[in-house]
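Dropping a structure here in structure tokens format, bear with me for questions.
The values are calculated or read from the model by the stated rules, or taken from the named source; none is laboratory data. In this text the structure is predicted, and so the values were computed from the model without any measurement. Neighbour counts run over all protein chains shown; Cβ positions are idealised from the backbone, glycine included. Side chains are part of the model used for accessible areas, which takes the heavy atoms of the whole protein and leaves out ligands, DNA and RNA. Shrake-Rupley method; radii C 1.70, N 1.55, O 1.52, S 1.80 Å.
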Amino acid sequence: MSAPIHAPRMAALVAAGALLAAAGTPLTAQAVDTAAAARADTAVTASDATAGFATPRTAADTGGGAGLSGAALDAETAQVAAQLRCPVCRGQSVLESTATLSKEIQAEIKQRLASGQSPEAVKSYFVSRYGEWILLKPPTHGFSLLVWVLPVALLVGGLGVAWLWIRSRSGEADTDTGGGPTPADGPAGSAEAGLSDEERGWLDRAIRND
Amino acid sequence: MKRWKVWLMLVLAAGFLGLLGFGLTRDAQVLPSAIIGQEAPSFDLETLTGDSLSLASLEGHVVILNFWASWCIPCREEHPVLEMAAGHYKDHDVRMLGVVYQDNRANARQFLARNGGTWPSVLDPNSQVAIAYGVYGVPETFFLDPHGRIVKKHVGPVPWDYLTSTVDSLLVASGKTPGGVEAAGAGSPAESGSP
């Protein structure tokens, strides 16, 4: 009876929930994905680019030391660069960006890795200078945790509301909800729906006679 | 409509409006800075005239550290303010220092020859100092207290009022004479309070 009318509304409700969830999804997560995809392609060119930036301090370290060197260093540099946001272009990673500052940051990453710093230490250096903003993927603690939790919470919440709503509709349609008739869903539904043939005839007659 | 539904809708609507309000009243251009309140990263770099200059040598002074470049149009706009500041704080415990960002010596010198400015500027090859200060672009101006701590940072051409109020408050906080007052003026806090 009332189900066909309300189905679209229900669908809309669920869709709205999904939309909310989608809107809340960290955009940066997509950026990281593309960065990761780009990494494979650009790894070679990136190392070429950084090779040009021979930094004065690294000259001594590159020969040998605690850090990485050669292809492993290039790969690790690209790995870290893909996780950092280009401060100039903002929407791109340091690895993808062609901005001068990005290339200089890559050189800095490379130099720090070459001198034996761990990728985590290198990243936290940039966080200490630019803030957590510099990380393309928001950290999973503190206020930034909200970015990860909120979409899921909204989706689950939306589905929950939809489920409650469906349950309350079907409860009204079938039988009374148990605890006796409530004034809120009282007269309108039952009065229209529960007419017997005799009553309907009486009603028709009354309308015609008037 | 049941009461709880009305409440739910009100709460959702309020949440949305709150989020919108938060998003729309924030300036998207303002980026967070992680190094306010921290000790200024030290450096020892070559000036445009070929001397060596370290930040440590300026300790005990309020420092206006300005990142700039000759190719940067807003820097041209900003330059008269810096020149005025240089004159205004000539007799005070204030030092101005430029850091040339992604530029070369010849262009930077030409800029200063054309636009004036007698305070020193250092060259920052590979932008290592700019990165250490978390610079996004030029111009950016950092204000350091006499202990070498970064107190404030301004992105974009620094306005005169902002500059003077910041520097004056730093001077007063460290027991020095603020700008516009004769350094030897009677009745002003003595300069003996400097650390």
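Given the condition of a type in the set (V, I, T), at pLDDT 95 or above and touching a Phe, Trp or Tyr at 6+ places or on another chain (Cβ under 8 Å), answer yes or no: does some residue in the range A:83-105 qualify?
Yes, because at least one residue in the range A:83-105 is of a type in the set (V, I, T), at pLDDT 95 or above and touching a Phe, Trp or Tyr at 6+ places or on another chain (Cβ under 8 Å).
For the range B:86-101, state whether one or more residues are within 14 Å of chain A (Cβ to nearest Cβ), free of Cβ contacts under 8 Å to residues at least 40 places away in the same chain and buried (at least 19 other Cβ atoms within 10 Å of the Cβ).
yes
May I pose another question? When the range B:121-146 is examined, which residues are found to be assigned to a strand (DSSP E or B) and among the polar types (S, T, N, Q)?
B:S121, B:T141
Taking into account only those residues within the range B:11-29 that are more than 11 Å from chain A (Cβ to nearest Cβ) and not in a helix (DSSP H, G or I), which is modelled with the highest pLDDT?
Filtering the range B:11-29 for residues that are more than 11 Å from chain A (Cβ to nearest Cβ) and not in a helix (DSSP H, G or I), the one modelled with the highest pLDDT comes out as B:T25.
Does B:E39 satisfy being surrounded by 17 or more Cβ atoms within 10 Å (Cβ to Cβ), under 18 Å from the mean Cα position of the chain (by Cα) and among the charged types (D, E, K, R)?
Against the criterion (surrounded by 17 or more Cβ atoms within 10 Å (Cβ to Cβ), under 18 Å from the mean Cα position of the chain (by Cα) and among the charged types (D, E, K, R)), B:E39 does not qualify.
Applying the selection to the range A:143-156, what residues are under 29 Å from B:G137 (Cα atoms) and either open to solvent by less than 60 Å² (accessible area, probe 1.4 Å) or facing chain B (nearest Cβ under 10 Å) (or both)?
Matches in the range A:143-156: A:S144, A:V147.
Suppose the filter is within 14 Å of B:T141 (Cα to Cα), open to solvent by 30 Å² or more (accessible area, probe 1.4 Å) and polar (S, T, N, Q); does B:S33 pass it?
yes
Has the range A:123-139 got at least one residue that is under 22 Å from the mean Cα position of the chain (by Cα), more than 14 Å from every other protein chain (Cβ to nearest Cβ) and part of a loop (DSSP other than H, G, I, E, B)?
Yes; the residues of the range A:123-139 include at least one that is under 22 Å from the mean Cα position of the chain (by Cα), more than 14 Å from every other protein chain (Cβ to nearest Cβ) and part of a loop (DSSP other than H, G, I, E, B).
Residues in the range B:1-18 that are β-branched (V, I, T) and more than 17 Å from A:L154 (Cα to Cα): how many?
1
If B:H92 passes every condition in (1) over 23 Å from A:R129 (Cβ atoms); (2) outside any loop (DSSP other than H, G, I, E, B) but one, which one does it miss?
Condition not satisfied by B:H92: (2).
Filter the range A:78-94 for residues that are open to solvent by 10 Å² or more (accessible area, probe 1.4 Å) and in contact (Cβ under 8 Å) with a residue 40 or more places away in the chain; which is nearest to the other protein chains (Cβ to nearest Cβ)?
A:R85
Inside the range A:157-176, can you point out the residues that are among the β-branched types (V, I, T) and either at the interface with another protein chain (Cβ under 10 Å from one of its Cβ atoms) or within 30 Å of B:V129 (Cα to Cα) (or both)?
Hit for the range A:157-176 is A:V161, nothing else.
Would you point out which residue out of B:L53, B:L112 is away from every other protein chain (no Cβ under 14 Å) and either among the charged types (D, E, K, R) or assigned to a helix (DSSP H, G or I) (or both)?
Checking each option against the conditions leaves just B:L112.
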